[in-house]
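Just below is one structure, and these are the notes that go with it.
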Amino acid sequence: MPDPELLTIGAFARSSGLTAGALRFYADSGLLPPASVDHSSGYRYYTRDQAERAVTIRRLREVDMPLELIAEVLAPGSRDAARIIDDHVAHLAHRTRRAWETAAAVKAALGLVPSTPRVCLNGPVFTAAVEQVLTATAQEPELPVLNGVRVEVSADGVVLTATDRYRLATRTLVPTAPSEADWAVTVDADDLRLALPWTRRRHDLGVSTRAGRVHLRGDDGDARECRTLPEPFPDHRLLLASLPEVRTRVLVARNALLRDVEAQRDHRVRLDARGSGVVVSSAGTPPAPPVAAVVTGPPITIAFATTTLHPAIGTAVGPDVMLDFAGPHDPVVVRSADDGDLTTLVMPLRAEPEGRAR
């Protein structure tokens, strides 16, 4: 029996404002390991004393601080913590100023009248999360449920999931107020796309179900509705649970990896992870210098369709992505986290026959 003073991962998640998936991400990255793990069940337990560290991690991730910098800030006896935080915020401020300057130049060139942006909380977060999982939907007349987003609501969080059989994306959000009852529904992806410009402009957004539709209500009283899909949604939890054991794990900066993927000219892109970096290459493009990464486990080389890998990395939350490899032909799990977490399952490509190699 676990120590009664220890908290389960669910209870600790609620007390820290992080999801259980985010806690696993930070544990696997070495930033916030659990105080105890039940080796027979795999259950993770935390102490109340770890809550302050968890909240600090959440707050630093809210300002897009990379994991390596957070580790330096939280290192015992760190004398540079204040400088690291100030330098990071100064970098963010510089980027923000450049973005405002660029936006102002573009609007001036287009003759647009600037408008005052509203304060955004829940509505924009929901909108961004839907956009992240929509990349994994597909138009399949024989399987209309693949053009849907599964919405699962519980006291612990809101989970959005989509799959097109080649990709699976699941995003967990921390609600501002928990639901009084658990419920789940599959929402028509096309209806959601049409509603996103509206949800993005809502300060608070209430989500509920009524008469086979999802009801979205803004804090201004305005509302939108989306159709639901009656077909059973694929069991994505069973799929994730049945994945082979991870042999190689890579922690890498999202933007650096995305930049090298976007530079490839071929429809197939290859990742070669070994040592302390990841090399991205493809036919017709000279190999780029390795992207700095933390590679745990044996080296691995694996190929993807660019159109499959790019959205999995591009929609990641936070500045880092974690890639879990079981083998060159097994699905790859791409994970990221801020206060919530995003998990994307990506299918690799089979090696091309030697006669077709270029």
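The values are calculated or read from the model by the stated rules, or taken from the named source; none is laboratory data. Worth saying up front: this structure is predicted, and the values here are computed from it rather than measured. Every residue, glycine as well, gets a Cβ built from its backbone with ideal geometry; the counts of neighbours run over all protein chains shown. For accessibility, only protein heavy atoms count, side chains too; no ligands or nucleic acids. Shrake-Rupley method; radii C 1.70, N 1.55, O 1.52, S 1.80 Å.
Listed values, structure above:
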| quantity | calculated |
| --- | --- |
| Whole-angstrom gap from the stretch 1-22 to the stretch 166-193, using each part's C-alpha centre | 22 |
| Listed values (1) 28, 53, 17, 2, 0; (2) 26, 58, 16, 0; (3) 29, 50, 16, 5, 1, entry calculated as P(r) over Cα pairs in 20 Å bins from 0, in percent | (2) |
| Solvent-accessible surface (1.4 angstrom probe) belonging to residue 85, in square angstrom, nearest 10 | 60 |
| Full-stretch length increase - residue 238, residue 139 - with 0.36 nm per residue and alpha-carbon distance subtracted | 33.3 nm |
| Helical mean residue ellipticity (222 nm; -39500 (n - 2.57) per DSSP H run of 4+; nearest 500) of the chain | -10000 deg cm²/dmol |
| Solvent-accessible heavy-atom area per residue, rounded to whole Å², over the stretch 1-79 at 1.4 Å | 56 |
| Surface accessible to a 1.4 Å probe, residue 217 within the full protein complex, Å² | 110 |
| Theoretical FRET efficiency, 1/(1+(r/R0)^6), r = Cβ-Cβ of residue 102 and residue 225, R0 30 Å, to 0.05 | 0.25 |
| Accessible area in the full protein assembly, largest first, 1.4 Å probe, for 65, 347 | 347, 65 |
